[in-house]
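The structure under discussion appears below in the form of structure tokens.
The values are calculated or read from the model by the stated rules, or taken from the named source; none is laboratory data. Computed from a predicted model, the values in this text were never measured in an experiment. For neighbour counting, all protein chains shown are included, and Cβ atoms are generated from backbone atoms with ideal geometry for every residue, glycine included. With ligands, DNA and RNA removed, areas are computed over all heavy atoms of the protein, side chains included. Shrake-Rupley method; radii C 1.70, N 1.55, O 1.52, S 1.80 Å.
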Amino acid sequence: SNFCLQIEDYENCFKHSRNGLEIAKEIGIRPSEASAYYNIGTCHFFKGEQELAISHLNKAIEIYIEIFGENHSHTISAINTLKRAEQFPDSNKMTKMKFK
């Protein structure tokens, strides 16, 4: 899903992230569950869907804090993305990852 996100293939990003989320929940892999929520939230942010982005990013942050704490790189990344989604919803296209 990360690759799909980077090439702006949002539908496949959603598909792969949701599949990963289902599997992670079913077998109890919390880090993968958080990552799936993060990818779904980021995809919504890049599509300009602020409310959905915030909802999914908050779920990712909750799980990351539970597992890793507040100072882990995954938690910090999700918090920073959440802040951008909350404060600058129209900047989504400018903050997107791109291949160099």
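Within straight cross-link reach of LYS25, meaning Cα distance under 18 Å, which aspartates and glutamates are found once same-chain residues fewer than 8 apart are removed?
Of all the aspartates and glutamates, those that pass the test against LYS25 - Cα under 18 Å, at least 8 places apart if same chain - are GLU33, GLU62, GLU66.
Under 12 Å Cα-Cα from LYS47, which aspartates and glutamates qualify once same-chain neighbours fewer than 8 residues away are excluded?
Once the sequence-local aspartates and glutamates are set aside, what remains near LYS47 is GLU8, ASP9, GLU11, ASP90.
If you line up the Cα atoms of the stretch 21-64 on their principal axes, what length do they span on each, largest first, in Å?
Computed over the stretch 21-64, the largest-to-smallest principal extents equal 32, 17, 10 Å.
Anything in the chain that counts as a DSSP H helix reaching 15 Å or more along its axis (C-alpha) with Kyte-Doolittle mean of at least 0.0? List them, would you?
Working: long enough: 10-27 (25 Å, -0.87); 30-46 (24 Å, -0.32); 50-68 (26 Å, 0.52); 73-87 (21 Å, -0.58).
Within the chain the helices that satisfy the rule are 50-68.
What FRET efficiency would be calculated for the residue pair ASN71, LYS47, taking the C-beta separation as r and a Förster radius of 30 Å, to the nearest 0.05?
Details: r = 30 Å, r/R0 = 0.99.
Step by step, r from the Cβ atoms, then E = 0.50.
What share of Cα pairs, in percent, lie more than 24 angstrom apart in the chain? Mind showing how you got there, number by number?
Details: 747 of 4950 pairs.
Tail of the P(r) past 24 Å holds 15 percent of the pairs.
What's the ranking of 61-74, 11-24 by average number of surrounding C-beta atoms within 10 Å, highest first?
Ranking, from highest mean packing down: 11-24, 61-74.
With all protein chains present, how much of the accessible area of the stretch 4-66 (probe radius 1.4 Å) comes from carbon and sulfur, to the nearest whole percent?
On the way: 1510 of 3110 Å².
On the stretch 4-66, the fraction of accessible area on carbon and sulfur atoms equals 49 percent.
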